[in-house]
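Below is one structure, written out as structure tokens; comments come after it.
The values are calculated or read from the model by the stated rules, or taken from the named source; none is laboratory data. Just so we're clear, the structure is a prediction, and the values are computed from it rather than from any experiment. Cβ placement follows ideal geometry from the backbone for every residue including glycine, while neighbour counts extend to all protein chains displayed. These area figures cover heavy atoms from the full protein model, side chains too; ligands, DNA and RNA do not enter into them. Shrake-Rupley method; radii C 1.70, N 1.55, O 1.52, S 1.80 Å.
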Amino acid sequence: MTQQEGQADSGVRVMRAADRAAGGNYFASEIAGNRVANFGVVELGSRRLAAALAETDGGATFPAQYHTGDGEMAVIIAGTGAIEVGENETDREVYEFTTGDVVLIPPQLVYRVRNRRAGEKLLAWVFFGEETQSYWPDGRRA
């Protein structure tokens, strides 16, 4: 039995960062300096999670957004960045993270992600409830 056949029989699923181009874009339109590959839904018994791989170019920012439904969990697999909470530039909370960290973001929180290193990509596996929806701060669906 090959590895591929074993995965199909056992229900094991391997999601590889290297396959992100095949995942297709999670968002309907391009976001400058960012790519979010949609890896679909992961079955976890009674729970279904959506899985995506987010990639932010060196020095780039993923624009402000918020979620409805469940929160979001990001596992940082490469790079250094920050979650910036709030829309006001002078009154923003900043939470730094680096490779190996897990970032938990509650629903309804307006935040953006900034890659802190100019020459290095920021990569994160992102998981959220299947029914979770993302919105831009003006209320348009992301």
Cα centre as origin, Lys/Arg/Asp/Glu Cβ charges: the chain dipole, Debye: 240
Residue (of ILE76, LEU104, GLY58) at the positive-pole extreme of segment 53-142, dipole from beta-carbon charges: GLY58
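Of all the accessible heavy-atom surface of the chain, with the other protein chains kept in place and a 1.4 Å probe, what percent is carbon and sulfur?
52
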Per-residue ³J(HN,Hα) for segment 100-105, Karplus 6.51 cos²θ - 1.76 cosθ + 1.60, θ = phi - 60°, Hz, x for Gly and Pro: x, 7, 10, 10, 10, 10
Correct choice for Rg/Rh (Cα atoms, Kirkwood Rh) that was computed from the model, options [x] 0.99; [y] 0.95; [z] 1.02: [x]
Most to least packed among 59-65, 132-138 [average Cβ atoms within 10 Å]: 59-65, 132-138
